Amino acid sequence: MSRRSEEIASLDTLRERWLTAAREGPPRFPACAGCQAWSWPPTVVCPVCGEGRWRLVSVPGTGLVRAATTVHRGVAPEFADEAPYRVGAVALDDGPLFLTRLDVGVHQGSRVRLRWRDRPGDGWLWASAGA
Ligand SMILES: [Zn+2]
């Protein structure tokens, strides 16, 4: 994990820069500036040591799906039309556990790579087969 990145104390700034990195690649995730613990989703203070400063650290964007399930009802109105869809917990290589959408054909135990998917007004990193 690199210690050379800028320290960030604002959660809004952290989210904005995470989104930019997610769109443009490589993905970067917050690690505590004090103890280097990963923190995903971002929190105001580190759940391990209580520090409130973060660094965004580049990760390979590959990992292993530890758990997967199918969502039959969208958890928010904007997802209702997409149901049923797959979600899973991806243990990123040299990164945090990341909950995300799974492409068709991705299951528990699959090796995956995170890829940005645009949505109207936003987007997200999805896990696709082929890491
Ligand atoms: Zn910490």
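Coordinate-derived values only; no laboratory data. Owing to the predicted nature of the structure, the values given are computational and were not obtained by experimental measurement. All Cβ positions, glycine included, derive from the backbone under ideal geometry; neighbour counts span all protein chains shown.
A few comments on the model shown:
- Distance from the alpha carbon centroid of the stretch 17-93 to that of the stretch 109-131 works out to 11 angstrom.
- Seen against the Cα atoms of the chain and their longest principal axis, helix 11-24 is set at about 60 degrees.
- Residue ranges 73-79, 100-106 sort as 100-106, 73-79 when ordered by packing (mean number of other C-beta atoms within 10 Å per residue, highest first).
- Kirkwood radius for the stretch 62-129, taken over all pairs of different Cα atoms as the inverse mean of 1/r, rounds to 12.1 Å.
- Along principal axes, Cα extents of the chain, largest first, whole Å: 40, 30, 26
- Debye equation applied to the C-alpha atoms of the stretch 7-58, log10 I(q)/I(0) at 0.22, 0.25, 0.28, 0.31 Å⁻¹: -0.68, -0.86, -1.05, -1.23
- Across the stretch 1-83, the mean sequence separation of Cα contacts (distance under 8 Å, 6 or more residues apart), normalised by length, yields a relative contact order of 29 percent.
- Computed on the stretch 66-131, with alpha-carbon pairs under 8 angstrom and 6+ residues apart, the relative contact order is 26 percent.
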